[in-house]
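Derivation of every value follows stated rules applied to the coordinates shown; laboratory data play no part. Because the structure is predicted, anything quoted here is derived from the model rather than measured. In this analysis, Cβ positions are derived from the backbone assuming ideal geometry, glycine residues included, and neighbour counts consider all displayed protein chains.
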Amino acid sequence: MAMKRQVYLNEYNLPADNNAIFFPYASGLLQAYTQQFGVINYNYEFKPIIFVRDTVEQIVKQYDNPNIIGFSTVLWNYNLSLAVAKRLKENFPKCKIIFGGPQVELNSKIFFIEHPYIDVCVYGEGEKVFHKLLIDNVYNGIPYHKILFEKDDNTDLDEFPSPYTTGIFNELIKLHSNVKFKGLVEYNRNCPFHCAYCFWGQPELGTKVKYHSQQYIKEEIEWLGENKIEYVFGTDANFGMFKRDLDTAKRYVEVKNKYGYPKIFRVCYGKEDNTNIFETASILDNADLAKIVTLSVQSQNKKVLDSVGRKNISKESFTKLQKKYSDAGISTYTEIILGLPNETRQSFLDGLEETLRSVGSNRIFIYQCQVYKNTRLDSEEFRLKYGLITKTRPMSEPHSAVRTKDMIGEFEEIIIGTNTLTVEEWKECAVVSWLVQLLHSFKAGYNTIKWLVSTYNISYMDIYLYLTHSELLLIKVLWNIAEQITQGLPENQVRPMFGTIYYEPEEILYLNICHSPTDFYTKLLGRLQVFINTHKLPYKGHIFSTDLVKMLNLDKKQILLKEETEDWTSFAIKTIIYGGKSK
Ligand code: SF4
């Protein structure tokens, strides 16, 4: 028999602490689907999926006489994928190179001129198109310099076998015993909503939500438990909205009880006031599988939401839900995006005020608005209509390992101003955002700020804006970061003391406070005393032992302290990664 054609799939994922990396799920799906067919197995041999981010030289070394090379491209591996593809075409001119994933350049007229080494691109769902390409490659030849896109709303998702239960990832586990694999699972595909900034929200991808059967899900969770996968992320856009999600949550609990794994199942919950979502979250919370529920708003302003095609639940329902989760002992976090079209300085600050008043002690995460390729936000029409001012900066993905100098850099485009928000206002809002996350979400000043607001009947923004324009050293640091971002520098930083991974500004500040709490609280006390004086607010209690001091001491007591046996890197990873946004 003639030698089989070799297929190599590439999906470089980000390594985090302890060499924890997600399974190359998209590539696994392509392999699992196509290998069901005899004609494919007769003609092709699939080599182990290449997923470890490395230098171009090291990746290319793994190749031997490739026939088909596939790349699953996302924001954080795009330039690396292009560089590897180019080198491979030089080394193996007869191979066929296929690009897929959200980064495929749908709107560029010069893509194939700039990247002639790529043969074909696949946009949207890849399984069936990839299968056809493999067949064409044997019999007729594959298309040249074309972008293929086939939408199929009628597919039953079970047509696509699981890369877990088909054993594809067992092979990777055996080959990479040094990697701590993280699971990625997809229980349904597509999102019924159409947020302009989100890739999933693009209507051309399909609006009909497609599902896997409960049997498929059951077997996959069993595999994850049996193979001791500690962390699993569900890609569902609206988990908990459907009755079946209750069964999925119960299954996670059963499997955790049986194997002790998975220990964490993280997913984005539906955005509705829905009993099913609450019950699903409660089941996972009680089993310590997911300690936090998303209740995102992105913006509190109707004009902003209308511009991006997003609807939030009513403000009353949002407040009621926050309380319902808090009463049940389940934490929530609310996401807000800075830089959305139509947002003004005032509407952003008003939205923050409103959110701080309704979330209680729950966390708020504030993201800078990224412009993802192939979204409506990325269109000429949107850019012109809302006067988007953007900056492209090197990526510094939070909590992932730092790229060494010999590695290819990746870039992201973020909005730093619009026709309703100047760049100066954007910087101010960015500083306020980091401060809110530090003092409120990390609780470095939660009790103090809350006390000031209720005692003096002032707004949260009165205090946050005062601190934002104060002489505190950490404020100067934050203004400096904001300025650097507008010059195209990355947001996130590395502090070798806390390990060689990227941390967000408020995370580094929090870790610094843990390192020297007295210094921080003494300076904050000084600033807040000036605030009270300049606003002619009466002191509560004796000047030297005011309630303000008591509140600051309460906050200081809640700052996490390093255990004597711990080093600062382990402390930072435990505190931020397992206690912060990634949990
Ligand atoms: S942001 Fe969420 S709700 Fe909106 S389109 Fe994307 S996945 Fe759907």
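Compute the length gained on full extension between THR522 and LYS174: take 0.36 nm times their separation in residues and subtract their Cα-Cα distance, giving the result in nm to one decimal.
Details: separation 348, 0.36 × 348 = 125.28 nm, distance 5.34 nm.
Net length gain for the segment: 119.9 nm.
What aspartates and glutamates sit close enough to LYS4 to cross-link, taking a C-alpha to C-alpha distance under 14 Å and skipping anything fewer than 8 places away on the same chain?
Of all the aspartates and glutamates, those that pass the test against LYS4 - Cα under 14 Å, at least 8 places apart if same chain - are GLU45, ASP64.
So what are the radius of gyration and Dmax for the Cα set of the range 178-288, in Å?
14.3, 43
Under 5 Å between amide hydrogens, which residues at least 5 positions from LEU184 or on another chain qualify, with H placed 1.01 Å from N in the peptide plane?
For LEU184, the qualifying residues are PHE23, PHE233.
By DSSP, what percent of the beta bridges with both residues in the range 178-288 are antiparallel, rounded to the nearest 5? Display every interim value, and only then the final one.
Details: 2 of 10 bridges.
Antiparallel bridges make up about 20 percent of those DSSP assigns within the range 178-288.
As a test, work out the antiparallel percent of DSSP beta bridges whose residues both lie in the chain, rounded to the nearest 5.
That works out to approximately 20 percent antiparallel.
From a point 7 Å beyond the Cα of ASN533 in the direction of its Cβ, which residues of the range 545-570 have a backbone N at a distance under 15 Å?
Counting backbone N atoms under 15 Å from the label point, the list is empty.
Calculate one ³J(HN,Hα) per residue across the range 456-469 by plugging θ = phi - 60° into the Karplus curve 6.51 cos²θ - 1.76 cosθ + 1.60, and present them in order as whole Hz with x for glycine and proline.
These are the phi-based 3J(HN,Hα) values: 9, 6, 10, 9, 4, 5, 3, 6, 4, 5, 4, 5, 4, 10 Hz.
Going by a ≥ b ≥ c, the root eigenvalues of the Cα gyration tensor, does the range 5-152 fall in the rounded group (a/c under 1.5), the prolate group (a/b larger than b/c) or the oblate group?
Rounded is the answer for the range 5-152, as its axis ratio a/c remains below 1.5.
Cut-off is 10 Å between beta-carbons; in what order do THR569, THR332 appear when sorted fewest neighbours first?
Lowest to highest Cβ neighbour count: THR569, THR332.
Roughly how many Å is it from the Cα centre of the range 246-262 to that of the range 155-179, as a whole number?
When both Cα centres are located, 19 Å separates them.
Any idea what Rg and Dmax come out to for the range 453-551 if you just take the C-alpha atoms, in Å?
16.2, 49
Over the alpha carbons of the range 281-337, what is the largest minus smallest coordinate on each principal axis, giving the biggest first in Å?
That works out to 40, 20, 13 Å along the principal axes.
Ranked highest first by average number of other Cβ atoms within 10 Å, how do 355-367, 431-443, 102-114 line up?
431-443, 355-367, 102-114
Give LYS174/LYS271; LYS128/LYS373; LYS258/LYS556; LYS323/LYS556 a once-over and call out the pairs whose C-alpha atoms are over 31 Å from each other. Let's see the in-between values first.
Working: LYS174/LYS271 39 Å; LYS128/LYS373 23 Å; LYS258/LYS556 40 Å; LYS323/LYS556 26 Å.
Violating the 31 Å Cα-Cα cut-off are LYS174/LYS271; LYS258/LYS556.
Compute the relative contact order of the range 5-152 as a whole-number percentage, counting only Cα pairs closer than 8 Å that sit 6 or more residues apart in sequence.
Normalised by residue count, the contact order of the range 5-152 is 24 percent.
Would you mind checking which residues have amide H under 5 Å from PHE365's amide H? H placed 1.01 Å from N; only 5 or more apart, or other chain.
THR334, GLU335, ILE336
Per-residue HN-Hα couplings for the range 41-53, Karplus 6.51 cos²θ - 1.76 cosθ + 1.60 at θ = phi - 60°, whole Hz, x for Gly and Pro?
For the range 41-53, the Karplus-derived couplings read 5, 5, 9, 10, 10, 8, 7, x, 4, 8, 10, 7, 5 Hz, x marking Gly and Pro.
Give the cysteines in the chain for which no other Cys Cβ lies under 4.7 Å away, or write none if there are none.
Cys with no partner Cβ under 4.7 Å: CYS95, CYS121, CYS191, CYS268, CYS369, CYS429, CYS514.
Once every DSSP H run of n ≥ 4 in the chain is given -39500 (n - 2.57) and the sum is divided by its residues, what mean residue ellipticity at 222 nm do you get, rounded to the nearest 500 deg cm²/dmol? Intermediate values should be presented prior to the final figure.
Values: 22 runs with 237 residues, N = 583.
Result for the chain: -12000 deg cm²/dmol, rounded to the nearest 500.
Please go through the range 502-578 and write out the GluC sites (Glu not before Pro) that DSSP classes as loop and that have at most 15 other C-beta atoms within 10 Å.
Loop-located and lightly packed - GLU563, GLU564, GLU566.
In whole angstrom, and with the biggest value first, how far do the Cα coordinates of the range 249-297 range along each principal axis?
36, 17, 12
How large is log10 of I(q)/I(0) for the range 1-55 at q = 0.15, 0.19, 0.21 Å⁻¹ when the intensity is taken from the Debye formula with one equal scatterer per alpha-carbon?
So the normalised log intensities are -0.51, -0.70, -0.79.
What is the spread of the Cα atoms of the chain along each of their three principal axes, largest first, in whole Å?
92, 52, 47
Convert each backbone phi in the range 19-33 into a coupling constant with the Karplus relation 6.51 cos²θ - 1.76 cosθ + 1.60 (shift: θ = phi - 60°), then list the ³J(HN,Hα) values in order as whole Hz, x for Gly and Pro.
Each residue's phi maps through the Karplus curve to give 6, 7, 9, 5, 4, x, 5, 4, 5, x, 5, 4, 5, 4, 5 Hz.
Cross-link list LYS476/LYS523; LYS151/LYS218; LYS311/LYS391; LYS250/LYS291; LYS523/LYS557; LYS263/LYS574: which exceed 18 angstrom alpha carbon to alpha carbon?
Violating the 18 Å Cα-Cα cut-off are LYS151/LYS218; LYS311/LYS391.
Please order THR334, THR522 by the number of other Cβ within 10 Å, starting at the fewest.
Ranking THR334, THR522 by Cβ neighbours within 10 Å, fewest first, gives THR522, THR334.
Report the local net charge at VAL56: Lys and Arg +1, Asp and Glu -1, summed over other residues whose C-beta lies under 10 Å from its C-beta.
Numbers: positive: LYS61, LYS86, ARG87; negative: ASP54, GLU57, ASP406.
Once positives and negatives cancel, what remains is 0.
Is the shape of the range 373-464 rounded, prolate or oblate, going by the alpha carbon gyration tensor and its root eigenvalues a ≥ b ≥ c, with a/c under 1.5 for rounded and a/b larger than b/c for prolate?
Oblate is the answer for the range 373-464, as a/c is 1.5 or above yet b/c matches or exceeds a/b.
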